[in-house]
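Enquirer: This is the structure, below, for whatever I ask next.
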Amino acid sequence: MQLIVYFLVFCHKKSLEEHYSAKINKTSKFLFHRATVMSMKIDGGLGAAFPTSLEGGFQPIIDSAKQLEAKGYSGAWTAETSHDPFFPHMIAAEHTEKIELGTSIAVAFARNPMILANIGYDLQNYSKGRFILGLGTQIKPHITKRFSMEWSKPAARMREMVAAIKAIWDSWQDGSRLDFRGDFYTHTLMSPFFNPGPSSYGNPKIFISAVGPLMSEVAGEVCDGIICHAFSTERYLKEVTLPAVQRGLDKSGRSLDSFEIVGPGFVVTGNNEESIKNSSTAIRQQIAFYASTPAYRPVLDLHGWGDAQDELNRMSKEGAWQEMGTLIDDEMLETFAVVGEPGEIASGVIERYGSDVDRMAFYSLGSNGDSSMWDQIASDLLAG
């Protein structure tokens, strides 16, 4: 059975002026670095504890949430894959007191702003102010063929969706008339019977996942954070994502001090040689899967690997999923993933991303490592 592990690393910001500084390199592309490496908080992936079937009831969710909180993790996150990402947080909220709860990610365009506003608002109240609404677009085939929903201008649509959600929340919080009229969404009716009223816990934070510069700019403009896709690299983060986020922040008149960046985080590791080999094979296949998506080609193009996308896309249409991973050579693997024995992972992450991100999502497959291995990696990160 493959083990999927992801947890998030939080960095406490210590200054406004020195939090990030922009540099211009020889190609005039912006690079960002933090003046100091911050202390870290670690989040755990609640979804990693889920069985393939939920017939066993709520106990695995309860146990996972309690264990994460007891071990000192700062948050528990779910992903929308084979199960709904929101339901587990109802259970986790009931059985925890301090740990943050969030989605990374829920598919935004499979829903509308009113539905997301209700879900986010309720989970914020149920958790007593601990919920983060993490949203992503997915890609066109999934939205139109799997969810049977409309797809168009994803960055503009996401910007408007977030604005609509916030307008709905404002109408509930302060009783103002709901009158949102956009190009994609219109919300002009909110009678008292359907208004939950103000919340003493405030509104949830909204993060969105992004790969391209347009969506990254939207994150900086209207959101509280960005979840960088796992299919990113250190270079892509510095040269494409962070400058786009800054453009969005500039539009909204905000600084990076009020914004959180969740970095990419493929990890290849394991407790023995066989485990590391299995992890390597699984991550190569996952990188290949993402690389076959035309929308993600710019990441490959930046590194001169654009031609690989054509071949991987062809193979994906033939269903050659296992074989696709063989096209990801060692250089590509080590560019996308932090690779090493468990004791080497923390230093590798800090060296690669410690000066650029606030939070780090680890994405590991096939390592079959037990929870103690990941707890030790988390401890190493906390120790700096």
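Enquirer: Being under 22 Å from Leu237 (Cα atoms) and not in a helix (DSSP H, G or I), is that true of even one residue in the stretch 340-350?
Expert: Scanning the stretch 340-350 turns up at least one residue that is under 22 Å from Leu237 (Cα atoms) and not in a helix (DSSP H, G or I).
Enquirer: Kindly indicate whether any position in the stretch 345-358 is at pLDDT 90 or above and of a type in the set (Asp, Glu).
Expert: Within the stretch 345-358, one or more residues are at pLDDT 90 or above and of a type in the set (Asp, Glu).
Enquirer: Please go through the stretch 55-108 and pick out each residue that is more than 19 Å from Val262 (Cα to Cα), hydrophobic (A, V, I, L, M, F, W, C) and in contact with a Phe, Trp or Tyr (Cβ under 7 Å, 6 or more places away or on another chain).
Expert: Met90, Ile91, Ala93
Enquirer: Another question, then. Considering Asn203, Asn271, which residue is part of a loop (DSSP other than H, G, I, E, B) and modelled with pLDDT of 95 or more?
Expert: Asn203 is the lone residue from the list that is part of a loop (DSSP other than H, G, I, E, B) and modelled with pLDDT of 95 or more.
Enquirer: Further question on the same structure: Which of the residues that make up the stretch 96-117 are touching a residue at least 60 places away in the same chain (Cβ under 8 Å) and not in a loop (DSSP other than H, G, I, E, B)? It would help to see each step written out before you state the result.
Expert: Initially, the stretch 96-117 is screened for residues touching a residue at least 60 places away in the same chain (Cβ under 8 Å), giving 102, 104-105, 108, 112-114.
Of everything in the stretch 96-117, those that are touching a residue at least 60 places away in the same chain (Cβ under 8 Å) and not in a loop (DSSP other than H, G, I, E, B) turn out to be Gly102, Ala108, Pro113, Met114.
Enquirer: Could you list, in sequence order, the residues of the stretch 217-248 that are among the β-branched types (Val, Ile, Thr), in a helix (DSSP H, G or I) and farther than 14 Å from Pro298 by Cβ?
Expert: Val218, Val222, Val245 - these are the residues of the stretch 217-248 that are among the β-branched types (Val, Ile, Thr), in a helix (DSSP H, G or I) and farther than 14 Å from Pro298 by Cβ.
Enquirer: Of the residues that sit in the stretch 141-165 and are surrounded by fewer than 17 Cβ atoms within 10 Å (Cβ to Cβ) and charged (D, E, K, R), which one is nearest to Asn195 (Cα to Cα)?
Expert: Checked the stretch 141-165; the qualifying residue nearest to Asn195 (Cα to Cα) is Glu150.
Enquirer: Specify which of the listed residues (Met332, Met315, Met324) is modelled with pLDDT of 90 or more, more than 15 Å from Ala230 (Cα to Cα), surrounded by fewer than 21 Cβ atoms within 10 Å (Cβ to Cβ) and of a type in the set (A, V, I, L, M).
Expert: That would be Met315, the only listed residue that is modelled with pLDDT of 90 or more, more than 15 Å from Ala230 (Cα to Cα), surrounded by fewer than 21 Cβ atoms within 10 Å (Cβ to Cβ) and of a type in the set (A, V, I, L, M).
Enquirer: Looking at Ala93, is it at pLDDT 90 or above, within 24 Å of Ala378 (Cα to Cα), among the hydrophobic types (A, V, I, L, M, F, W, C) and not in a loop (DSSP other than H, G, I, E, B)?
Expert: yes
Enquirer: Out of the residues in the stretch 249-268 that are modelled with pLDDT of 95 or more and part of a helix (DSSP H, G or I), which is nearest to Arg359 (Cα to Cα)?
Expert: Within the stretch 249-268, the match that is nearest to Arg359 (Cα to Cα) is Leu249.
The values are calculated or read from the model by the stated rules, or taken from the named source; none is laboratory data. What you see is a predicted model, and the numbers here were worked out from it, not measured in a lab. With ideal geometry, Cβ positions are generated from the backbone for all residues, glycine too; neighbour counts draw on all protein chains shown.
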